[in-house]
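Only one structure is covered here, and it is reproduced in the block below.
What follows draws every value from the coordinates through simple rules; no lab data is involved. Note that the structure is a prediction, hence the values are computed from the model and not measured.
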Amino acid sequence: MPHPDDLAALKAERDAADRAYNDALTCLDSAIQQLPRGFPHPPPVPDEQQITPLNTLWKIDLAPAGGGVRGRIASAVRRMVAPLFAQQQAFNSAVVDHLNRGVPVARETRQSIASTLTVLHDTIAELVRFQSLLVVYLQQITPYVDTRDRDVAGVVRGLSAAINAVADEAMKRSEALLARDRRQELRVTEVDAQLAELRLRLDELSRALGARDPNHA
């Protein structure tokens, strides 16, 4: 870690951090998912075109045998093939019943697949939107930090200017007080000099008066 007073090293460290942040942000931006162009569609609806005919034709209806020799022969043949007809009709009934039961299942299966695909599509779309918003948010961090830095720097500059102004004012007052003290000292010195000169003159005058007075000892 560079020394706080090493401004060049601090700037180099900040530039390196900015480059690393921008590179990471670019990678994140390129990794945003996209909705597949060929998103799957639900399967087609069940084919129910033959359901109604099957429900009508599954039962084997035989015409009456009639009378006469032919009628008796037909009745005899029917009795012989009756088990086969019964078996075929049971088979037809089972097939039609199976198809009828499978139609609702096919409908619900298609509806479930369609609902699942819709949820999946919406979930991926929301994920893509979240990733885009995340990148936009991260892109705002650097300007936000820079703004805060400028704000703090502005406050520091303002505080520094205020401190400098107070210091200048204090310096001016101190200099004014020193100048006043010097003037007072000069005045006191001048007064002392004048008093000394006045004492000297008084002494001279006193000596002169004493010399003229014959009674002066």
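The figures follow:
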| item | result |
| --- | --- |
| Kirkwood hydrodynamic radius of the stretch 159-217, Cα pairs, Å | 15.6 |
| Contour excess over end-to-end distance, with Cα ends at E13 and D47 and 0.36 nm allotted per residue | 5.3 nm |
| Extension gain from E185 to L120, taking 0.36 nm per residue of separation minus the Cα-Cα distance | 13.9 nm |
| J(HN,Hα) series, the stretch 40-54, from Karplus relation 6.51 cos²θ - 1.76 cosθ + 1.60, nearest Hz, glycine and proline x | x, 9, x, x, x, 5, x, 7, 10, 5, 9, 5, 5, x, 5 |
| Chain lengthening between L178 and Q34 when straightened (0.36 nm per residue, less Cα-Cα) | 44.1 nm |
